[in-house]
Amino acid sequence: WDERVSARFRRNLQPTLTYWSVFFSFGLCIAFLGPTLLDLRCQTQSSLSQITWVFFSQQFCLLLGSCLGGVFKRTLAQSLFALFASSLAISLVFAIIPLCHNVVVLAVVMAVAGLAMGCIDTISNMQLVKIYQKDSAIFLQALHFFVGFGALLSPLIADPFLSDTNCILSNSTANASSNLPHIRKSLVPHHPGNLSHYDLPMKGMVVTRVSYAFWIMALINLPVPIAVFFLLYKERMVPCVNGSSHPLLSADELAMEARPAEKDDLTATAQRPRAAGGHDDLFSCCQSKNFRGASYTYFAVHITGALVLFMTDGIVGEYSGFVYSYAVEEPLSVEHRVAGYLPSLFWGFITLGRLISIPVSYRMKPATMVFINVVGVLITFLLLLIFSYSVIFLFVGTASLGLFLSSTFPSMLAYTEDILQYKGCATTVLVTGAGIGEMVLQLLVGSIIHDQGSYSFLVCGMIFGGLAFTFYALLLFFHRMYPKPSSDVDEASPDKPAVPDDTGQYQR
């Protein structure tokens, strides 16, 4: 790092580490449901078709939370209180899940977890962009490494406590237990798949130790809300603490400290109403006042950026959800135990790719990284189609796909925010687009595979990869057409350059 970025990181060390840790909570919560779902089915004594509604409950509320998260981003105090409540809610959810003996109650609890995860997703991304702005790419890569780390850790914690046989003891237990390895791998990491043809007992003695896994995860996550509380305390935002505070400094703090004479002018500029709206929730972004004076390229950058992530995050969801089912079907007919490693391999290389992307993003522009990612995804799916009869290449292709998809979201976020000079609604729109893509494409691919067979799994991936590349090409075109920052741009226009917000402080 050069000294400027290092000094900025040191100055914002506590908030940066706090946002990273909160994203660890997000990852911990997103990946536990698949492996533990069969034990939760036993705990609630429900059918497979009933328990898989818990997936929908979590995913839908995660999307809703992403849309509504911007409501809490307008001041630092609101953001930190929302993150504290969300991270604490995740610990409480882990602690409460073992007490849920009804599938409806479990679905409601997972809906609360989904809302908390959605708020975390939107707020953490936005706050890092606000702090580092043009230097945010490397810190966003680190942020998304932590979600991958959490997503890898929670299944490992759960694994020793999962039932080896059917956890409801009845006369049909022996027959049902032979299907458990297949069913369990079909649920990794967080997609229900097509399980309607499996019949498992619903009545009998419940024998499961999965409660211990949830209590361990609750304890592991507990330091996260404590870290957010300490940040609130440091900023003197805890209600019982009186007195003023020194607010967190933003991206241009160092330059402003070097030019103290300009501080008053910048502060006065920041206190004027901002017609561009910037970084509001999805509904505020859609208000007509934010469109006043905006060119068509302003909307095009938002839309094409969201569509790229709609496709790439959709690929992450559909591939991780159905690669096991694809592998065990003909023509590959991989043994169930071996095929079970594929989702873990995919998520492992996503996490590895995010770790590698941290230093790479410091040397490479976000636009270049996204280009490499979408081209890599397209080529990988093409080769998977060509070598569709090779089990070895399926494993190689799964690892390759994880690497190329790993840094797409943070790189795209940094790139689009940079185009819009941090004054549009890019983060809110992109997070929402990615969430919709993951949910919609999973459902779409699941229905296509059911009707057309397993080979359509790769064909769908190839189509989605091609669409992601097309939308990215359009984004590059609109970037070239987007108005360049200039001093005479109307201050009320969304196309104006980012006049600080770089005031050295967050608006309270």
Evaluate the following for VAL396: is it in a helix (DSSP H, G or I), surrounded by fewer than 18 Cβ atoms within 10 Å (Cβ to Cβ) and touching a residue at least 40 places away in the same chain (Cβ under 8 Å)? no
Are any residues in segment 334-344 over 20 Å from LEU152 (Cα atoms) and open to solvent by 70 Å² or more (accessible area, probe 1.4 Å), and if so, which ones? GLU335, HIS336
Taking segment 440-456 only, how many residues are in a helix (DSSP H, G or I) and in contact (Cβ under 8 Å) with a residue 12 or more places away in the chain? 9
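Listed here are the residues, each with its yes/no results for (1) more than 28 Å from ALA107 (Cβ to Cβ); (2) open to solvent by less than 10 Å² (accessible area, probe 1.4 Å); (3) in contact with a Pro (Cβ under 7 Å, 6 or more places away or on another chain); (4) assigned to a helix (DSSP H, G or I).
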position	(1), (2), (3), (4)
ARG8	yes, no, no, yes
GLN50	no, no, no, yes
LEU63	no, no, no, yes
SER66	no, yes, no, yes
GLY70	no, yes, no, yes
LEU88	no, no, yes, yes
LEU92	no, no, no, yes
What residue, of LEU254, LEU248, is surrounded by fewer than 20 Cβ atoms within 10 Å (Cβ to Cβ), outside the structural domain of ILE157 (by the TED database) and modelled with pLDDT under 50? LEU254
Within segment 22-41, can you find the residues that are of a type in the set (A, V, I, L, M, F, W, C) and more than 26 Å from PHE229 (Cα to Cα)? LEU33, LEU37, LEU38, LEU40
Which of (1) crowded, with 19+ Cβ neighbours inside 10 Å; (2) outside any helix (DSSP H, G or I) is the odd one out, the single condition TYR389 does not satisfy? (1)
When residues of segment 447-465 are filtered for being open to solvent by 20 Å² or more (accessible area, probe 1.4 Å) and of a type outside the set (Ser, Thr, Tyr), how many remain? 9
Out of (1) open to solvent by less than 50 Å² (accessible area, probe 1.4 Å); (2) free of Cβ contacts under 8 Å to residues at least 40 places away in the same chain, what's the single condition that is false for LEU405? (2)
Just give me the residues in segment 422-437 being under 22 Å from PHE371 (Cβ atoms) and open to solvent by 20 Å² or more (accessible area, probe 1.4 Å), in sequence order. VAL429
If a residue has to be touching a His at 6+ places or on another chain (Cβ under 8 Å), part of a loop (DSSP other than H, G, I, E, B) and closer than 25 Å to ALA85 by Cα to count, how many in segment 10-48 make the cut? 1
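The values are calculated or read from the model by the stated rules, or taken from the named source; none is laboratory data. Every value quoted in this text rests on a predicted model; they were computed, and no experiment measured them. Methodologically, a virtual Cβ is constructed for each residue, glycine included, from the backbone with ideal geometry; neighbour enumeration extends over all protein chains shown. These accessible areas exclude ligands, DNA and RNA; they are computed on the full protein's heavy atoms, side chains included. Shrake-Rupley method; radii C 1.70, N 1.55, O 1.52, S 1.80 Å.
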